[in-house]
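Note sheet for the following structure.
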Amino acid sequence: MLAVGVTVAGVAIVGVQFFLAAGEGLARTRAAACEALHPDPVPAAIAKGEAPDFELKDADGKTITLRSQRGHPVLLNFWATWCPPCAEEMPSMERLAAALEGSDIRTLAVSVDENWDLVKKFFARGTRLGVLLDPSRDVPKRFTTEKFPETFLIDAQGRVRHYFISTRDWSKPEVIACLESLR
């Protein structure tokens, strides 16, 4: 009887160690996915502490804040309809938003266009992205950017973890794995 108890305890210990190691391996794999995207260095002004909060309206007039996204990883993209690289990047961002539908990960695309008419024309068939409008360009300045497109990956605690200058293919599987690592 003692031998059976020792065997069961040994199997339980090995099982726990296996699952802990598997979890650590998954976390390392997801973090490696972020590095595979080749992020740029996060600007020093926002590298520590919380990402700058903002309050912007969506196309329905609903006010959205970055703070209200806490608890969820966020892909925050600054773009404009008149920006050729932005227009080139947007289809992959749309595919990402479709792939994330039903998950807790948020995609916010902040347009710096002059008005909603331009944005709605750009998304004539609608979009799954959380599109916000900032014609003043105040919010990108808080993130130390004035060029477009630029994208920030923000973790569930509200910290900027990764930063990307210019276009990326946001429909790659590594993007979802990276965003999942930010929970």
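Of note:
- Scan of the range 37-58 for residues that are surrounded by 14 or more Cβ atoms within 10 Å (Cβ to Cβ) and not in a loop (DSSP other than H, G, I, E, B), ordered by number: 46, 56, 58
- Residue count for the range 59-98 satisfying the condition of being surrounded by fewer than 17 Cβ atoms within 10 Å (Cβ to Cβ), under 17 Å from residue 175 (Cβ atoms) and within 14 Å of the chain's Cα centre (by Cα): 3.
- Cβ-Cβ distances below 6 Å connect the following pairs, each with a first residue in the range 64-90 that is more than 21 Å from residue 144 (Cα to Cα), a second residue that is among the aliphatic types (A, V, I, L, M) and at pLDDT 95 or above, and a separation of six or more residues or different chains: 71/156; 72/156.
The values are calculated or read from the model by the stated rules, or taken from the named source; none is laboratory data. Quick caveat: nothing in here was measured; it's all calculated off a predicted structure. Here the Cβ is made from the backbone with ideal geometry for all residues, glycine too, and neighbour counts use every protein chain on show.
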